[in-house]
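The values are calculated or read from the model by the stated rules, or taken from the named source; none is laboratory data. Note that the coordinates shown come from a computational prediction; the quantities given were computed from them, not determined experimentally. Ideal geometry is used to build each Cβ from the backbone, glycine not excepted, and the neighbour counts take in all protein chains shown.
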Amino acid sequence: MTQALAFGTYIPGTSPIHALNAQVKIILACVFSIAVFFVESWAGMLIVTALVAMLYVMARVPVTRAARGLIPIIFILVFTIIVHTFSISLGSAAAPGLSTAGSLGLTQEWVLFGSFGITLDGLLRGLFFALRIVLLVLICSLLTFTSSMMELTDAMLRMFGPLRRFGVPVDDIAMMISIALRFIPTTAREAQMIQLAQKARCANFDDGNVFVRLKSWVPVFIPLFVRLFRRADDLADAMDARCYAGGRRTRMSARPMNAGDVATLVIGIVAIIALCVFL
């Protein structure tokens, strides 16, 4: 389970993506996530997919590491494809730009009963939206792969610093986000250890129907929450021992944006907007 959950883990490296300021990566990731929803054609989506693949190559992130990050959302992807594959009104027009099957003369429909059935256009539309979800997960995972928790926290502090004038506790919010991200791999690791311990006691997580399998996970979730609460108490005690009282903090190694970071940010935003306009 720990191996499957790749989000939230930092991979040290010296790639150009690692060298970028974390503020630039956060802004570009947000802009990219919004822009993906404006791409309405297969040609555009394939180009975006190629760009994401190129970013992973530049970041030198192993393909297996990126693929493991998609395992937790397999159910969502399958559900998305199935929902769009079935149609309650056969013969209706497909979404603009997605009627690939119709443009190829492959408008196949399989009637199950009445006007309800399966359409090839629906299947392609489901694959399109599933690919969109995959790209969103990959770009967010790339952010955590190439930026440490400290870098992300410092970047959020600098980005939302002006909100302090309006009484927003920016430092406390950034600290909470940093701790939450750090607990993602910790939670997965704890769950795997407890699951292995239950299997050693002859627990079975694979047989039976859905309800039986869910019930078999109860002996995992209960000790998992107990151990997480203990870790939270230990973390609180450690922060108290270091006299942490919230508020604004100083940094040993502040990393402001340089000219290269600004140029990358501008070029990246312009390229993303161009993709939305022309694709």
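See the values below:
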| read-out | value |
| --- | --- |
| Matching residues in segment 200-211 - criterion: being of a type in the set (A, V, I, L, M) and either closer than 20 Å to E190 by Cα or modelled with pLDDT of 80 or more (or both) | A200, A203 |
| In segment 24-45, the residues that are more than 16 Å from the chain's Cα centre (by Cα) and either at pLDDT below 90 or in a loop (DSSP other than H, G, I, E, B) (or both) | F38, V39, E40, S41, W42, A43, G44, M45 |
| Condition met for A66 (at pLDDT below 85, of a type in the set (G, A, S) and in a helix (DSSP H, G or I)) | yes |
| Selection from segment 53-63 of residues that are surrounded by 17 or more Cβ atoms within 10 Å (Cβ to Cβ) and not in a loop (DSSP other than H, G, I, E, B) | L55, Y56, A59 |
| Wholly within segment 145-263, helices (runs of 4 or more DSSP H) carrying at least 1 residues that are touching a Lys or Arg at 6+ places or on another chain (Cβ under 6 Å) and surrounded by 14 or more Cβ atoms within 10 Å (Cβ to Cβ) | 149-159, 170-200 |
| Positions within segment 13-23 being under 19 Å from the mean Cα position of the chain (by Cα) and either of a type in the set (V, I, T) or exposed (fewer than 14 other Cβ atoms within 10 Å of the Cβ) (or both), in sequence order | I17 |
| Selected residue (criterion: modelled with the highest pLDDT) from residues of segment 114-172 that are among the aromatic types (F, W, Y) and in contact with a helix residue (DSSP H, G or I) (Cβ under 6 Å, 6 or more places away or on another chain) | F129 |
